[in-house]
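*Asks:* The structure that follows is given in the form of structure tokens.
The values are calculated or read from the model by the stated rules, or taken from the named source; none is laboratory data. All figures in this text were calculated on a predicted structure; none of them were measured in a lab. Because the Cβ atoms are built from the backbone with ideal geometry, glycine has one as well, and the counts that use them run over all protein chains shown.
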Amino acid sequence: MNGTKISSAPQPVTTVVRGESPDSVHRAREATRAFTDNLTPAPDPERADAFLLVVSELATNALRHGGGRYTLRLSVGPDTLTAAVSDLSSAAPRERTPDLHGGSGGFGWHMIRHLTSHLTITPVPGTGKTIHAQLSR
């Protein structure tokens, strides 16, 4: 085989997490860490941490601003990591000035936009939306 190493481990196609409480954000982070840890080849640790942060912010925003429930789908392509978060609100995320003193937030959407290589918001028939956040692998 010319010294070529072929991994027999299958790539995870999709991981799904559903949430409707603050505890579910912790589960989303755990699922994301397990997802990236099991990829072959594994993403760079900084990339995996950035993906984890994006997932955490998307899940938190869905709970706070998206109707209190979400579905997270993690997927991988040859060159990308994708987190798709669906929630119940049809309202698009909006930029707001981060609160540096009162602790009321405003940082999440800025971070998501900064860390992702591709970001789309797709309306869901009926009510809701899905935010697809993609990072280079």
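*Asks:* Residues of the stretch 25-59 being among the hydroxyl-bearing types (Ser, Thr, Tyr) and in contact with a Pro (Cβ under 8 Å, 6 or more places away or on another chain), which ones?
*Replies:* Selection gives 36 alone.
*Asks:* Ok, one more. From the residues in the stretch 95-137 that are at pLDDT below 90 and basic (Lys, Arg), which one is surrounded by the most Cβ atoms within 10 Å (Cβ to Cβ)?
*Replies:* Here the answer is 137.
*Asks:* With respect to residue 82, is the statement that it is of a type in the set (Val, Ile, Thr) and modelled with pLDDT under 95 true?
*Replies:* No: the conditions fail for residue 82.
*Asks:* So is residue 92 surrounded by fewer than 11 Cβ atoms within 10 Å (Cβ to Cβ), within 30 Å of residue 126 (Cα to Cα) and at pLDDT below 90 or not?
*Replies:* yes
*Asks:* Does residue 58 fit the bill of being aliphatic (A, V, I, L, M), at pLDDT 95 or above and over 20 Å from residue 123 (Cβ atoms)?
*Replies:* Criteria not met by residue 58.
*Asks:* Which members of the stretch 13-52 meet the condition of being under 21 Å from residue 107 (Cα atoms) and surrounded by fewer than 18 Cβ atoms within 10 Å (Cβ to Cβ)?
*Replies:* Scanning the stretch 13-52 gives 21, 22, 23, 26, 29, 46, 47, 49.
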